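This report refers to the structure that appears directly beneath it.
Please treat every number below as a calculation from the coordinates, not as lab data. Just so you know, these numbers come straight off a predicted model, no measurement behind them. Counting neighbours? That spans all protein chains shown, and the Cβs are built from the backbone with ideal geometry, glycine included.
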Amino acid sequence: MSPPPKASKAKASKAKALVEGPAPKAGVAPVVLLFGTEPAPMSARVAALRAAVLVPGMEAFNHERFEGRELDSLSPVLEACAQLPMMAEHRLVELSDPELVGKGRGGGGKAVLDALVDYTKAPNPTTVLLLVSSGIDGRSRLVTAAKKAGIVERFEPIKKDADAVGFVLEEAARIGARIDRATANELVQLTGTGLSDLVHALERASLHAGQGQPVTQADLDAVVSHTREAVIFELTDAVGMGDAPRALQVLAHLFHESSQPEIGQANAVLSMLIRQVRLVFSARMAGRGHGAIEAVTGVPPFVARKLAGQAQRFDEARLRRAYAGLARFDRDLKGGAHSVVKAPYLALQRYILDVCAALPDTAART
């Protein structure tokens, strides 16, 4: 994770491709790796792959699913991959969170990674091995090996609000919902730029509006929770002001309300915290003028005003400490550090307490 520069450009059309999946390649790839922090488009892609690979009525013979956190070794997966399909051209073997195989049982780690990389070098041509992960590092050898053997797709949030608004408009057209640009912008401000959150929020608001009716502010108020407000502003404010109790309260609310697994929610919270610290850092460097902040960050005027207030609460040293803490958490989460992947919620709590100088070993140093 690099130092906090300007937000990079992310096109809405690219985000749309993530939800629908890229154009299928000729034939069936023997290895498919889907990874990132956006569960909704990943789930849609998995469903599409199942429909493309499995012959209806033969799923019980040609489809096996494994959870990495429940496996002591990779042997059951490799044995499943070695079997021949029955009355079909291909079998489908799914492995979720491959980086967690054997973790906490005295195994896993490099041995599992080596076994998967070796398999990708000579995969069974009649088996499609589908790997799905919310915590794997994009720089992993497995990602590189999977690219050579088949298909790799990454699912991450959009970085800029304007692109997120474009994505909402395109998604609305895809599902047959009606929403204007101003309401789409408000949806982004309430929900954030995560693809999964935007898709789910748009669907709820569209259902509330009724078939054929445009989504309005009243629909957003009725069914779209202020997720972004809680995470980006309340949580960041509390951490920046050293208010550990309030920060932990907001964090607990986020995890309680989320339907994602803990590691997926931790990734989502981490992504939003990183984005906000980057925005506040950019606002701090740009100065107090709202126009300068708008130019640097690409956010609307009312968001620039909020960022200016946020930036006044931080000095540069404090921002760098906060960002360094997020970089360590990001490394541990994607690198499979046992204490983080087994209890990501507790790890986030510790990060907050550390930044707020609420731990006995950090208060003396702050």
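List of remarks:
- For the set K121/K160; K103/K147; K110/K147; K159/K334; K110/K148; K160/K334, the pairs lying more than 31 angstrom apart at their alpha carbons are K121/K160.
- Cβ crowding within 10 Å, taken as a proxy for footprinting-reagent exposure, orders H208, H256, H338 from fewest neighbours to most as H256, H338, H208.
- Sorting the segments 40-50, 193-203 by their residues' average number of neighbouring beta-carbon atoms within 10 angstrom, most packed first, yields 193-203, 40-50.
- Cβ-based exposure ranking for V215, V224, V55, in which fewest neighbours within 10 Å come first: V55, V224, V215
- Residues Y351, Y323, ranked from the fewest to the most other C-beta atoms within 10 Å, line up as Y323, Y351.
- Sites matching trypsin sites (Lys or Arg not before Pro) across the range 108-140 that sit in DSSP coil, with at most 10 neighbouring C-beta atoms within 10 Å: R139
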